[in-house]
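Novice: Sending over a structure as structure tokens; questions will come in a sec.
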Amino acid sequence: MTTKNSRLPLAAEREITTNRAAFVDFLTTVYGVQPPVLSPRSGPDWHGFDWHGFDWAGTPAMADALRDFMGWGNPPPRTLIEAIPRSPAPALILRLGDARRVWSYDDLRTTSTLLAPVLHRPFDPLRTAARHLLDDDARPDDRILLRETNARHLAGLLLSGAALVLHNAPDARGIADLALEESVTLIHGEPDQRVIEPETLRKLGTVRGILHDGWGIRHIDPATGETAPA
């Protein structure tokens, strides 16, 4: 039992504030869906549930719930440009060398950018939302640092309303410097490689997690800088 002077474990505190926790609450209170074992990785309390890999199209109740949670009608948006927010807020911040250029969400609808081919092609809205909002926990107030070469692959992060900070920094020090300059909150990690050492991560006070393809978000412990899966 949690007493007045005790605290939940850090992992538990973070979990109850995630997009995933909000969606589970929406599922149970609005749709009456109880924690199932619908995925080989899932347990009775949704722990380990494979949100991105789940058969959304084959499970109408879950699909309807996610569409409603996202504020989409039925059918949902056919392309990413239809699904992303309409807003003057920054969507892309390009940091290549000393150059800095910014495009808003509204600009993406009127200006050709490196993401234009992805934004206008058909996409799977439910799986994309599950990957980037439920697994990656991307939020509207996030600034997400990722390599320019990964931008098209990760354009679905724009569903969250976050700003994508695209870079070509040559090393971990350059990445850390950009994270500080742009007040980054999430960093997309390179496959099978620790991008920034824990001591440096600990000093990057605004960064709350590292994103890895297939793993989702790995939260940063503010006391040690070590990362752990959500």
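The values are calculated or read from the model by the stated rules, or taken from the named source; none is laboratory data. Because the structure is a prediction, the values reported are computed rather than measured. Cβ: placed from backbone, ideal geometry, glycine included. Neighbour counts: every protein chain shown. Ligands, DNA and RNA are stripped out before the accessible areas are found, and what is left, the full protein with its side chains, is counted by its heavy atoms. Shrake-Rupley method; radii C 1.70, N 1.55, O 1.52, S 1.80 Å.
Novice: In region 124-143, which residues have a backbone nitrogen under 19 Å from the label point lying 7 Å from His47's Cα in the Cα-to-Cβ direction?
Specialist: 135
Novice: Considering only Ala91, Ala162, Ala99, give the residue with the highest GNM mean-square fluctuation for the chain, with springs between Cα atoms whenever their separation is below 10 Å.
Specialist: Most flexible of the set in this elastic network: Ala99.
Novice: Which is farthest toward the positive dipole end of the chain among Pro90, Thr17, Thr29, measuring Cα position about the Cα centre, with Cβ charges +1 (Lys, Arg) and -1 (Asp, Glu)?
Specialist: Checking the options against the dipole of the chain, the answer is Pro90.
Novice: Explain nothing, just the number: relative contact order of region 137-219, from Cα pairs under 8 Å at least 6 residues apart, as a whole percent.
Specialist: 29 percent
Novice: Count the DSSP beta bridges whose two residues both fall in the chain, then state the antiparallel fraction as a percent rounded to the nearest 5.
Specialist: Of those bridges, close to 50 percent are antiparallel.
Novice: From the P(r) of region 75-138, can you give the percent of Cα pairs sitting at distances over 14 Å?
Specialist: Cα-Cα pairs of region 75-138 separated by over 14 Å account for 63 percent.
Novice: Right, another one. What does the accessible area per residue of region 115-202 come to in Å², with a 1.4 Å probe and no ligands, DNA or RNA counted?
Specialist: For region 115-202, the solvent-accessible area averages 41 Å² per residue.
Novice: GNM, the chain, Cα, under 10 Å: largest mean-square fluctuation among Leu211, Leu96, Leu80?
Specialist: Between Leu211, Leu96, Leu80, it is Leu96 that shows the largest mean-square fluctuation.
Novice: Continuing with the same structure: Once you list every other residue whose beta carbon is under 12 Å from the beta carbon of Asp142, what net charge do they have if Lys and Arg are +1 and Asp and Glu are -1?
Specialist: Neighbourhood net charge equals -1.
Novice: For n ≥ 4 DSSP H runs only, could you compute -39500 (n - 2.57) per run for the chain, divide by its residues and tell me the 222 nm figure to the nearest 500?
Specialist: So the calculated ellipticity at 222 nm is -6500 deg cm²/dmol.
Novice: Where the accessible area of the chain is counted over protein heavy atoms with a 1.4 Å probe, how much of it, in %, is carbon and sulfur? It would help to have the intermediate numbers written out before the result.
Specialist: On the way: 6160 of 11830 Å².
For the chain, the apolar C and S fraction of the accessible surface comes to 52 percent.
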